[in-house]
1. Quick one: is residue B:237 surrounded by fewer than 17 Cβ atoms within 10 Å (Cβ to Cβ) and not small (Gly, Ala, Ser)?
2. Just for the stretch A:164-195: of the residues that are part of a helix (DSSP H, G or I) and over 32 Å from the mean Cα position of the chain (by Cα), which one is farthest from the other protein chains (Cβ to nearest Cβ)?
3. With respect to residue B:173, determine if the residue is of a type in the set (A, V, I, L, M, F, W, C), within 16 Å of ligand 2 (Cβ to nearest atom) and either away from chain A (no Cβ under 13 Å) or not in a helix (DSSP H, G or I) (or both).
4. Report yes if some residue within the stretch A:228-235 is in contact with a helix residue (DSSP H, G or I) (Cβ under 8 Å, 6 or more places away or on another chain), over 30 Å from residue B:164 (Cβ atoms), within 12 Å of another protein chain (Cβ to nearest Cβ) and surrounded by 10 or more Cβ atoms within 10 Å (Cβ to Cβ); otherwise report no.
5. Identify, from the list B:86, B:95, the residue that is within 16 Å of ligand 2 (Cβ to nearest atom) and surrounded by 21 or more Cβ atoms within 10 Å (Cβ to Cβ).
6. For the stretch B:91-102, give me each residue that is at the interface with chain A (Cβ under 9 Å from one of its Cβ atoms) and either outside any helix (DSSP H, G or I) or without any contact (Cβ under 8 Å) to a residue 60 or more places away in the chain (or both).
7. If you go through the stretch A:124-152 one residue at a time, how many are surrounded by fewer than 17 Cβ atoms within 10 Å (Cβ to Cβ) and more than 27 Å from residue A:234 (Cα to Cα)?
8. Can we say residue B:64 is near ligand 1 (Cβ under 9 Å from one of its atoms), assigned by TED's automatic domain parsing to the domain that holds residue B:238 and in a strand (DSSP E or B)?
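The values are calculated or read from the model by the stated rules, or taken from the named source; none is laboratory data. Computed from a predicted model, the values in this text were never measured in an experiment. So basically every Cβ, Gly included, is an ideal-geometry build from the backbone, and we count neighbours across all protein chains shown.
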Amino acid sequence: MLKDITLGQYFPGSSVIHRLDPRTKILLVLCYIVLTFLIENFIGYLLLAAFTVGCILVSKVPPKFVLKGLKPILVFVVITGLFNLFLTRGDVVFSWWIFSITRQGIYFAAFMVLRLVFLMVGTSLLTLTTSPIALTDGMERLLRPLRKVGVPAHELAMMMSIALRFIPILMEETDKIMKAQSARGADFESGNILRRAKAMVPILVPLFISAFRRADELATAMECRCYRGGENRTRFKELLYGKKDLGAGISFLALVALVFAANFLFGKVI
Amino acid sequence: MIKLEDVSYVYMQGGPFEKTALDHISLEIHKGEFIGLIGHTGSGKSTLIQMLNGLLKPTSGTITVNGKVLGEKSTNLQQLRFEVGLVMQYPEYQLFEETVAKDIAYGPSNMGLPKEEIAERVAYVANMVGLSPELLEKSPFDLSGGQKRRVAIAGVLAMEPKVLILDEPTAGLDPAGRDEILCKIKDMHERMDMTVILVSHSMEDVAKLADRILVMNHGKVEMLDKTAAVFRQGKRLTEIGLNIPQITQVMDGLRENGVNLGEGIYTVEDAYRQLCDLMNLKEQPIC
Ligand SMILES: Nc1ncnc2c1ncn2[C@@H]1O[C@H](COP(=O)(O)OP(=O)(O)OP(=O)(O)O)[C@@H](O)[C@H]1O
Ligand SMILES: [Mg+2]
C-alpha cells in the first residue's frame, strides 16, 4: 500500500559527497540555484550539466533516484515551458491558427525548463546524499548567527527533525491500521465520495489517537532526560569543515568562473 | 486448503533498504488443522500470515486459499478476508468506535449481516474472550491494555472465519487470561472445524495446542511437521534461536539421570500422567 515511499529521500552511502559537511552542501546548493539563473547561453548550461552529472557519478546515487525527484514537478515544467513557448512576443518563426511561436519564445521556454530541471536535480542531490538529521544540524548551525536577532535556531531545527522523524513513523502506522481494518473487511476503494470519506474514519481515529500518544510520550521522554532547549547545549557530533569541503568549494568556484567566462565569450542568447 | 508455491516477499523492492522477508516458500495447510507457527524475531512470520488474506501480495509465486488463487481478478479480496480472519500483532490500535460493542460489530456489519445476528455474535464472542457485558457499552479507549486486546480479538472472531490466524494474540496478557483465550480458541477450532494458525513465542502453548508446527528461520521454512517430530529436534531448534518446552527439558534431564520415563513429553499434563504412573500414584485431575 504505502510501502513504496522510502524514508524521506535519503540514499545512504559513503561517497565524498555524502561525507561533506552539511553546511557546505546547503550553501553550495543555494549558490548552485542562483547560478542556474545567471547563465546566459547554452554553453553555460552544458558546463553546468557536466558538473551536475559529475556530482551524481561521484555520489554513486543511481541516476534513477535523482530523476525520480523530477516527477512531482514534471507537469509544472511542461506548463511553464508551453506558456513561455506560445506567449512570448518577438520574431515569429512558425504560426498556425491562433498559435505562433517566436524565436525568443523557444529560447525562453528552453531556459525556463533547463533552470527548473537543474534546480530540482541539485536539491534532490542534496537530500539524497544528506540524512535529514545532518540537514537540520547544518541548518541550525547556519541560522545560529540569527539568534542575536531573536530567531530560535535550535528550536526550529529540533522541530524540523522531530517532524521529519515522525513522517515515516506515521506512514508505518497508517499502513498497519489500514491492514488491520482491511482484515476486518473495510473497503476504501468503492462507493461514492461520501462513502469513501466515511470509510476513512476507522483509519483516522486510531491514527490521531496514536499520533497524540506518541507526541506525549516523546515530550515525557525528552523531559526525563532534562531537555531544555538550545542554550549551552553541547553536541555529540560537532560539525567541522575539512579538506573535502575546501575541495568542494574550489570545484564549485571553478564552475562559476567557467560559466562567467562562457557568458562573456559567447554572449547573451536573448 | 491453503497452498503456497515458491512464494517470496521483498520489502521495498528496488530501494536502498531492500529486504527479503520470505525466500521461496512452499507449503500446504489442510482444512481443520491447528498449526503452530514459531520462529525467531524477524524470521518472517507476520509477513507470511499477512499474505494469506491478501494484505501483502507475493513478489513471486502463487498462493491458493480455498481453491482461489490470490491476485487473480476473479478473487474478491474482501470476501476472502471474511473467510480468512486475521488478528494482527498488537491489534489494540485497530479500535476506533464509540463503544466496544460497535467496534466488535465492525467486521460483521461489513459482511452485511442482519442486525439481530450481529448483536447475537457480538454478545457471544464478547463472552468468549472474557469481556463482561457492562464493558460492552464503554469506550474502547477507556479499557486496559489486556481488555483492548480482547476486544480486538473478538472483533475478528465475530466474523466467524473459516481460517483463523492469530499473530501472538497473548503477548502481554496475564497467564490466566492467556490460557482462557487459547482454550476458547481451541474449543472453537474443534467445534466449528476451523483451521487455525497461531503465531507464538511460547513453546508451551504451541506444544499444547497445535497439530503441526511450522518453524521459520530467516525467511525460509525450517520444518513443518507433527509437534512431536519438531520438538524431537531440540538441538536444531536451539541453534535457530528457539527452544523446546521447559517441561520437555525437565523430563529429558530426568531420563538422562536414569529415571524411567518415555520420550516425547511436551505438556505438563503428559508429564504429570507419566510421573503418576511411575510413582504408582492415583491420578488427580490438575487444573
Ligand atoms: N514494513 C516493513 N518494511 C520493511 N521491512 C520490513 C517491514 N516489516 C517487516 N520487515 C522486515 O521483514 C523481516 C520479517 O519481518 P516479520 O515482521 O515478518 O517478522 P516476524 O517473524 O513476525 O518477527 P516478530 O517475531 O518480531 O513478530 C524482518 O527482517 C523485518 O525487518
Ligand atoms: Mg511478527
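1. Against the criterion (surrounded by fewer than 17 Cβ atoms within 10 Å (Cβ to Cβ) and not small (Gly, Ala, Ser)), residue B:237 does not qualify.
2. A:193
3. No: the conditions fail for residue B:173.
4. The answer is no, given that none of the residues of the stretch A:228-235 is in contact with a helix residue (DSSP H, G or I) (Cβ under 8 Å, 6 or more places away or on another chain), over 30 Å from residue B:164 (Cβ atoms), within 12 Å of another protein chain (Cβ to nearest Cβ) and surrounded by 10 or more Cβ atoms within 10 Å (Cβ to Cβ).
5. Numbers: B:95 fails: within 16 Å of ligand 2 (Cβ to nearest atom).
Going through B:86, B:95 in turn, just one is within 16 Å of ligand 2 (Cβ to nearest atom) and surrounded by 21 or more Cβ atoms within 10 Å (Cβ to Cβ): B:86.
6. Answer for the stretch B:91-102, where residues must be at the interface with chain A (Cβ under 9 Å from one of its Cβ atoms) and either outside any helix (DSSP H, G or I) or without any contact (Cβ under 8 Å) to a residue 60 or more places away in the chain (or both): B:93, B:95, B:96, B:97.
7. Looking only at that region, the number is 0.
8. No.
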